[in-house]
Amino acid sequence: MKIVFGCDPNATEYKLNLMDFVKSLGHEVEDFGSDDPIYANTAVKVAEAVAAKEYDRGILLCGTGIGVCIAANKVKGAYAACIHDIYQAQRAELSNHANIITMGSQVLGIEIAKMMVKEYLSLTFDPDGRSGAKVKAITDYENQ
């Protein structure tokens, strides 16, 4: 898969560590930066690229993961989930078909983050499964 990363300056080292980890899993990785202190700019750039299907999925990081999540979800076709544990990482894809995950570098240890990313990237949404109609309702509303 092609994975794009972005973060605010506070999460730079965390992002670089996760990027190396994702590469070690065999994925192609792109870095959209971490220099802009306005995290919304980077989050929107990543979300636009993922929504345009230039990348399969995105990973955004800031101090809590909340700000980049809110910003990314403003982009039509971007579905970002702020995750904090393995179960949320699973459900982000399996129940919600999130094409972006967000995490907080100041609230999650890097080893937990690696496990969550690995889990998220290993799963595939089933549109015919029990969550298919729920996800469709979201995209239908967005497209009105």
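The values are calculated or read from the model by the stated rules, or taken from the named source; none is laboratory data. Just so it is clear, the structure is predicted and the values come from calculations on it, not from any experiment. Glycine also receives a Cβ, built like all others from the backbone with ideal geometry; neighbour counts cover every protein chain displayed. Accessible surface areas use protein heavy atoms only, side chains included; no ligands, DNA or RNA. Shrake-Rupley method; radii C 1.70, N 1.55, O 1.52, S 1.80 Å.
Out of the stretch 64-82, which residues are surrounded by 17 or more Cβ atoms within 10 Å (Cβ to Cβ) and not in a strand (DSSP E or B)?
Applying the first criterion (surrounded by 17 or more Cβ atoms within 10 Å (Cβ to Cβ)) to the stretch 64-82 yields 64-65, 67-69, 71-73, 75, 78-82.
Those that are surrounded by 17 or more Cβ atoms within 10 Å (Cβ to Cβ) and not in a strand (DSSP E or B): Thr64, Gly65, Gly67, Val68, Cys69, Ala71, Ala72, Asn73, Val75, Ala78, Tyr79.
Of all residues in the stretch 83-106, those satisfying the criterion of being over 18 Å from Ala137 (Cβ atoms), hydroxyl-bearing (Ser, Thr, Tyr) and open to solvent by less than 60 Å² (accessible area, probe 1.4 Å) are Thr102, Ser105. Filtered by the rule that a residue be part of a helix (DSSP H, G or I), hydroxyl-bearing (Ser, Thr, Tyr) and touching a residue at least 12 places away in the same chain (Cβ under 8 Å), the stretch 94-144 gives a lone residue, Tyr120.
Considering the stretch 2-21, the residues that are touching a residue at least 40 places away in the same chain (Cβ under 8 Å) and under 13 Å from the mean Cα position of the chain (by Cα) include one that is surrounded by the fewest Cβ atoms within 10 Å (Cβ to Cβ), namely Lys2. Restricting the stretch 22-35 to residues that are touching a Ser or Thr at 6+ places or on another chain (Cβ under 8 Å) and within 22 Å of Lys76 (Cα to Cα) leaves a set whose member that is most open to solvent (accessible area, probe 1.4 Å) is Phe32.
As a summary of the residue check, Val75 satisfies the conditions (1) more than 22 Å from Ser95 (Cβ to Cβ); (2) in contact with a helix residue (DSSP H, G or I) (Cβ under 6 Å, 6 or more places away or on another chain) except for the one numbered (1).
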